[in-house]
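Engineer: Please find one structure pasted underneath; my questions will follow.
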Amino acid sequence: GAVVSQHPSWVICKSGTSVKIECRSLDFQATTMFWYRQFPKQSLMLMATSNEGSKATYEQGVEKDKFLINHASLTLSTLTVTSAHPEDSSFYICSAGAGEINREQFFGPGTRLTVL
Amino acid sequence: AQRVTQPEKLLSVFKGAPVELKCNYSYSGSPELFWYVQYSRQRLQLLLRHISRESIKGFTADLNKGETSFHLKKPFAQEEDSAMYYCALSGRNAGNMLTFGGGTRLMVKP
């Protein structure tokens, strides 16, 4: 089946620094990738939809200047948390869409961000 | 607007008992419904989708448009079924975007 990887799997950073998280589709091309945030014991909340070669579409309440998303190729999307603060600590998960016909999404393993 | 509701945060049953995880949705068009499962320390993975009408690991789910429900059922729960289950909806006009329910933690006791 389709595999999506994320790197790093865990990152700890100081407040004020920026952190980049990569999401890769390993064996298929993903024109659309999605970024989610998951708080402990809560469901996934969609942050943004990332389309290859165009600007990301952010959900209401998500600061696009804080969470920079780049989808430079059909197999790579990045999420950069700029000037991170402790409240940004969370589990960030990406997924890749399999296409318009098959609307299944394939999920990465997630990245745990801890901001000190 | 699309919305998915899973009314139970936690469902605890004994091994061998029937299981039903409830899911209700709100969507004005023709949705595609999914159940995703997340086992402990593993990534989210697709369990089943309504259009395929499959039975995966003994689980089935029927889309009831009249009741706007997509409940997940299994006649005899196994301990290895213990996991988080998420119901999700994809709207035809929303690309591949998924809207997730709040999730239900299923605990199957021996």
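Quick grid of which residues meet (1) farther than 15 Å from B:LEU44 by Cα; (2) in contact with a Pro (Cβ under 8 Å, 6 or more places away or on another chain); (3) among the polar types (S, T, N, Q):
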{"position": "A:GLY61", "(1), (2), (3)": "yes, no, no"}
{"position": "A:HIS71", "(1), (2), (3)": "yes, no, no"}
{"position": "A:PRO86", "(1), (2), (3)": "yes, no, no"}
{"position": "A:SER89", "(1), (2), (3)": "yes, no, yes"}
{"position": "A:CYS94", "(1), (2), (3)": "no, no, no"}
{"position": "A:THR114", "(1), (2), (3)": "yes, no, yes"}
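Engineer: For the subset of the stretch A:17-47 comprising residues that are out of contact with any strand residue (DSSP E or B) (no Cβ under 7 Å at 6 or more places or on another chain) and at pLDDT below 95, which member is nearest to B:PHE100 (Cα to Cα)?
Structural biologist: Residue satisfying both the conditions and the ranking: A:GLN42.
The values are calculated or read from the model by the stated rules, or taken from the named source; none is laboratory data. Not measured: the values here are computed from a predicted model. Note: ideal-geometry Cβ built from the backbone for every residue, glycine included; neighbour counts use all protein chains shown.
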